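K.L.:
Attaching a single structure in structure tokens format; questions to follow.
Readers should treat all values here as calculations from the given coordinates under stated rules, not as data from a laboratory. Computed from a predicted model, the values in this text were never measured in an experiment. Cβ placement follows ideal geometry from the backbone for every residue including glycine, while neighbour counts extend to all protein chains displayed.
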Amino acid sequence: MTYGKVTQLNDAGSHEGIKPAEQRRRRKRYSGSYPKFFSEKYKEHRGDIEILEKVRSKGMTPAGTHIPIMYQECLQHMGFHGEHLGDGNILVIDCTLGYGGHSSQILSYLSDKGVYSELVAFDQDSVEIQKTEERLRQHLLNKQKCLDRPVTFEVVNDNFSNLGHYLKSKRKLGCVNSLLADLGLSSMQIDDDLRGFTFKRDGPLDMRMNPLHNETAYELLSRLTPKQFKRLLEENSDEKYSREIAYGIYKQQPGSQYPEDVLPSTTLELADRVRNIMKPLIMTREKLNNKGQIQIGKRKEAEIKKELDSTVARTMQALRIELNGEFRALETLLLDLPSILAPGGKAVFLTFHSGEDRRVKKAFKEGAKNGIYSSWSRDVVRPSKKEMW
């Protein structure tokens with residue numbers, strides 16, 4: 001909140017000393033008792049404690065924030081709960097800083113341990129990284145007031161695929177004791193309608209992890225052919241209706257007079273298009289399964305809606321992964337990982353779908369087979385029921 005000197009209204013009704021354009025404008029009032037859109041949740045953005053607690057009590061995440069998943073499990077397997085890190089110089093990497101949930105826990109641990117240590121956090125999101133860095137530097141300052149041996153905190157606005165190059169330039173290649181790669185989206189990205197990561201609310205078909213990059217998801221869709229989009233759906237989201245969706249998306253829509261109207265340009269337009277393609281296919285399948293007769297009750301309607309939403313989510317996932325080069329970045333990190341880690345170093349990957357999981361498991365399995373890694377967790381660690389629900 002900004003404070004200035006008190007002014008008076010003159011006869012014309014404007015503030016003296018302030019130009020009309022500079023006068024304070026009232027916020028547009030949202031409809032209902034609770035704001036629906038990201039931009040309307042200004043009380044959550046400014047950190048109103050009472051509002052934040054109210055939102056959390058409903059099991060929701062306040063706008064502009066993110067709750068890290070499995071942070072205790074991550075710290076444990078990174079070696080923070082044992083003697084793995086030792087008492088010497090410690091170098092830890094957080095590949096995806098996000099809101100800083102995991103990094104704040106790491107900084108707390110390193111500060112409490114009281115040894116020379118460094119955390120380097122990467123994130124390609126130019127929108128959120130500055131806010132997170134400022135918040136974590138204050139967190140670290142509060143933790144280190146009584147420490148003689150400081151913890152160094154470095155933030156790098158870059159994709160983690162360039163981690164190897166960064167460490168080489170700092171002469172720290174092969175010095176990393178612990179590494180964390182949380183491959184999921186942050187709530188801040190999903191909640192902001194203007195970034196186009198969700199189909200629950202309308203927004204531009206954008207989906208750029210780094211908004212400074214030029215191409216949006218709509219522009220990517222515009223330059224792909226149906227055949228190329230079909231391949232993306234198969235490779236990036238294991239979509240079994242890839243052909244129907246791909247060719248349906250590029251089909252001229254009824255009532256459209258212009259070629260550019262063929263493709264959806266917003267998240268809701270894409271979602272509606274996918275649902276319109278899929279619903280007849282689902283109904284046909286139901287008729288075949290029921291020998292030509294079909295009766296849709298409320299429970300079946302809910303199941304169909306869930307299937308339609310899941311298909312929309314997979315379609316957007318396929319676009320997002322290709323647009324941001326997510327699989328290429330992950331493969332580069334996995335390839336560089338043996339040269340990044342110090343002897344005895346540990347790496348933890350949080351994966352959220354089969355495409356990521358397959359790549360990580362394959363790299364670890366081959367690394368263990370070739371004697372690069374001493375061990376790897378064949379049984380994945382899953383979130384608790386409390387975190388899942």
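K.L.:
Quick query: amide H of Gly100 versus all other amide H atoms, modeled in the peptide plane; which residues come in under 5 Å with a sequence gap of 5 or more or a different chain?
P.N.:
none
K.L.:
Shifting gears a bit: Once Rh is set to the Kirkwood radius over Cα pairs, what Stokes-Einstein translational diffusion coefficient, in µm²/s, holds for the range 305-389 at a temperature of 25 °C and a viscosity of 0.890 mPa s?
P.N.:
Diffusion coefficient, whole number: 163 µm²/s.
K.L.:
Report the Cα centroid-to-centroid distance between the range 86-143 and the range 308-387 in angstrom, as an integer.
P.N.:
22 Å
K.L.:
About its Cα centre, how strong a charge dipole does the range 115-220 have in debye, to the nearest 20, once Lys and Arg get +1 and Asp and Glu get -1 at the Cβ?
P.N.:
Value, rounded to 20: 660 debye.
K.L.:
Sticking with this structure for a sec: Order of 93-104, 311-322 by packing, highest average Cβ count within 10 Å first?
P.N.:
So the peptides 93-104, 311-322, ranked by packing, come out 93-104, 311-322.
K.L.:
Given a cut-off of 25 Å, name the pairs among Lys113/Lys346; Lys227/Lys305; Lys143/Lys168; Lys240/Lys306; Lys170/Lys361; Lys251/Lys279 whose C-alpha atoms lie farther apart than that in the structure shown.
P.N.:
In this structure, Lys227/Lys305; Lys143/Lys168; Lys170/Lys361 lie more than 25 Å apart at Cα.
K.L.:
Let me ask something additional. HN-Hα J couplings of the range 129-137 from phi, Karplus 6.51/-1.76/1.60, θ = phi - 60°, integer Hz, Gly and Pro as x?
P.N.:
Result, rounded to whole Hz: 5, 5, 5, 5, 4, 4, 5, 6, 5.
K.L.:
Could you list the trypsin sites (Lys or Arg not before Pro) in the range 102-168 that lie in coil according to DSSP, counting only those with at most 16 other Cβ atoms within 10 Å of their Cβ?
P.N.:
Lys145
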